[in-house]
Each structure stands twice: as structure tokens, then as C-alpha cells.
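The values are calculated or read from the model by the stated rules, or taken from the named source; none is laboratory data. Remember, predicted model here, so these are calculated numbers, not experimental data. Using ideal geometry, Cβ is built from the backbone for each residue, glycine included, and neighbour counts are taken over all protein chains shown. The accessibility values were calculated without ligands, DNA or RNA, using every heavy atom of the protein model including side chains. Shrake-Rupley method; radii C 1.70, N 1.55, O 1.52, S 1.80 Å.
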Amino acid sequence: MKRFFKPVEKDGSSKKANVSASSPFSSVNDGEETAEISSENGDKKEPLKFLTWNANSFLLRAKNDWPEFSKFVENLDPDIIAIQEVRMPAAGSKGTPKNPRELKDDTSSSREEKQVMMRALSSPPFRNYAVWWSLSDFKYAGTALLIKKCFKPQKVSFSLDRTGSKHEPEGRVILAEFESFRFLNTYVPNNGWKDEETSFHRRRKWDKRMLEFVLQNSDKPLIWCGDLNVSHEAIDVSHPEFFSAAKLNGYVPPNKEDSGQPGFTLSERKRFGAILKEGKLVDAYRHLHKEKDMERGFSWSGHPVGKYRGKRMRIDYFIVSEKLKDRIVSCEMHGQGIELDGFYGSDHCPLSLELSAKSCESET
């Protein structure tokens, strides 16, 4: 999530998985919408521990915060890691079609940046994961998905519309399908402050497509995570009155339900609630944590100076199908406070989910 009051500077931000010992990167067939993955070992286990994090530039985290984040991941030992706001450009020279599943490396600066990222992901514990990228054409947005090599997804795709466009614009989606569930990593577009093509309209379109996705893919349980850029209820922000009355340069939208802080407008919250209700989905964190927690209850924190100091929102989620509700063991935020302890350099803290193993009677 961008800090709304100050634009974030643009800073530097598959076919069968074939990961060599020297590279953590998976390769995909660019001509296909999805990547079919074979399971040579016939693994029967399924992933049970998950981590999601808006890194606010994965490259900057690799340069500045990697030892701390690596230690955190090593201790948590997730089976799947979902990253948002990768902010590294897709492969392809200027004026040529881009390959959003590969990191750019056709200039000296991009090669250097790719090497930094590859070295980081080749170090423990990340070398135990296969990596899929979904990238924008420039240093903006983008997602990554890291899956332990012992788990083989049946398919990996990069769009909410699996029968339409081959790749979601700006690299906002990675969808991995396993035998017993689908895992969706998304970086949801920010609603913005004004009723323009690039803000309100885009977010409404996204929410409509997300609702269609969950309804059309209800044949298998879903785990949906990422920076969803919405705080569903008043309990999900630190200062509800402040966020409800927030304005940019005095602008008031024509529709009252579009007023307020992006991510906390009534229209966004209603649409998100409809997706949960109609899709039979559960907010895993709120399912376990009924009360407001002023320290650990928020995943995004405002700038340490100015009017947003100390004001926080919960906009990063694990959303699961109701069929998985009774298997939720834990769902925790791993950061707290104005000082951003546990944020590892980002303005978002990581969020984890753990499920119990599937019993023979469950999900029938």
C-alpha cells in the first residue's frame, strides 16, 4: 500500500519447474497462460504454513534488510511465501514485448539488480524454494511466489481470468493450484482519492472480477492472501474517525460512500464484504482475533512524521474458504508499533497462517 499522502518514489524497485542448484528461479513457457507442474516424486504432503508480505521493493529489502528477514523466515519456516510490491521490471528491451515472468537483465544496471536478488534468494533459507515472478514493465507493483521445492503445484497461472488474458497487468496476481486447494497471491490496486479511470473505476472493476473469480472457482478451497488494500471494519484501523474523514486537497467525491481514506471508504468495504459473503470466505486473522489490538492488530503503518504518525490499518490478509475454517491453527502479524518493529524495512509487516493437516473427513 502506498503512503497516500506522499507518493512512493520509483526506486529500483511456468512450464515445469526446473530449478538448478545455482539458481532459485523457476522457468515458464511464455506462450502459455499457465504453467503445468509435474510431481515426479508423487508427494502426498500439502503446504500448511504460509507467509505474506508487501516488501515495498523486494530489491531494497534484499540490499538493506535481508539478514533480519532471512532469520525471521528461517525461524517461521513457511511452506509458501507470497510477496507483493516486488517493484523490479520485467525482462525485455526497450520497445520490445516484455516477459513478466523473468527479471530484466539487458542493461548493466538491471543485470546488477538481478544478481543482487539472485544472490539473496540463493542463500539459506530461500534456496530451498522455487520462485515464480509476476512483474510489471517498469519498477512498479509486481508479485512473487516462493514455494518449497518439496511441494509441487499442479499449475501456476498469472491472471484472475484464466480463460482470457495471459497475464494480469502490472503483475498483480499469481495463482498456484494444489491437489486440495488453490493459493492466490494478489497485490490489489489502490482505490485512490478521485473518481477517475485510474482509481475508483479500476478498483470497482477489480472487485467485480475478484467476486466472479471466487464464485467461478468454488470447486476447490481457496487460500487468498496479499496486500488487499482494504480495511474491512472499523476495528481494522487505529483511528476510524480520522480515516473516514480523510481528504486529499479538500476533494470530496460525488458519492458519499467513496469519501475517506483509500482502503477505508464505505464502498470498498461493502464490496469486500460481498466477496467474503458470496464466496463463502473467512478472514483468518479476525476469525481468531475478535478484539482490537492497538499494537499487533495492524499490518500497515503511516509515516513516522506528520498527521499519519501512529495511524495504522489492517490491509494485509489471509482469506480462506469456509471449508478450511476449522483447520486454522494460527494467523499472526509479525510487526508492531509506531517504530515499525518487525516490518523489516517495509511499511507493511509480514502476516503468517498455519493450517492443521487435512483429516479424512474434512472438506467432504
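I'd like the carbon and sulfur percentage of the solvent accessible area for the chain, probe radius 1.4 Å, heavy atoms only, ligands and nucleic acids excluded. So the carbon and sulfur contribution to the accessible surface is 49 percent. What's the FRET efficiency of residue 149 with residue 194 using the Cβ-Cβ distance as r and R₀ = 30 Å, to the nearest 0.05? Computed FRET efficiency for residue 149 and residue 194: 0.10. Among beta bridges identified by DSSP and lying wholly in region 84-236, the antiparallel ones come to about 75 percent.
Across 118, 294, 210, the residue with the most accessible area heads the list, and the full order at a 1.4 Å probe is 294, 118, 210. Just in region 239-324: which chymotrypsin sites (Phe, Trp or Tyr not before Pro) are loop by DSSP and have at most 16 other Cβ atoms within 10 Å? When the chymotrypsin sites (Phe, Trp or Tyr not before Pro) of region 239-324 are filtered for loop state and at most 16 Cβ neighbours within 10 Å, 251 remain.
Zone of residue 63 (label point 7 Å along Cα→Cβ, backbone N under 13 Å): which residues in region 116-151? Correct set: 116-117. Per-residue ellipticity at 222 nm from helix content only, as computed over the chain with -39500 (n - 2.57) for each DSSP H run of at least four residues, stands at -6000 deg cm²/dmol. Among the GluC sites (Glu not before Pro) within region 331-361, those in coil by DSSP and having at most 14 neighbouring Cβ atoms inside 10 Å are 339, 361.
Between the C-alpha center of region 125-166 and that of region 181-249 there is a gap of 20 Å. For region 40-115, the relative contact order comes to 29 percent (Cα pairs under 8 Å, sequence separation of at least 6). Considering only 350, 321, 331, the residue lying farthest towards the positive end of the dipole of region 309-357 is 321, judged by Cα position with unit charges set on Cβ.
The GluC sites (Glu not before Pro) of region 197-275 that DSSP puts in a loop, and whose beta carbon has at most 16 other beta carbons within 10 Å, are 197, 233.
Residue 111 to residue 45: FRET efficiency via 1/(1 + (r/R0)^6), r the Cβ-Cβ distance, R0 51 Å, to the nearest 0.05? Step by step, r from the Cβ atoms, then E = 0.85.
Modelled this way, with points 7 Å down the Cα-to-C-beta line, the labels at residue 322 and residue 161 are 2.9 nm from one another.
Taking all protein chains as shown and a probe of 1.4 angstrom, residue 195 keeps an accessible surface of around 80 Å². Remark on the chain: Rg and Dmax equal 19.4, 60 Å (Cα only). Beta-bridge orientation, the chain: approximately 80 percent antiparallel, per DSSP, counting only bridges with both partners inside.
Label-to-label distance for residue 235 and residue 123 is 4.0 nm, based on points extended 7 Å past Cα in the beta-carbon direction. With each label modelled as a point 7 angstrom along the Cα→C-beta vector, the residue 290-residue 252 pair spans 3.9 nm.
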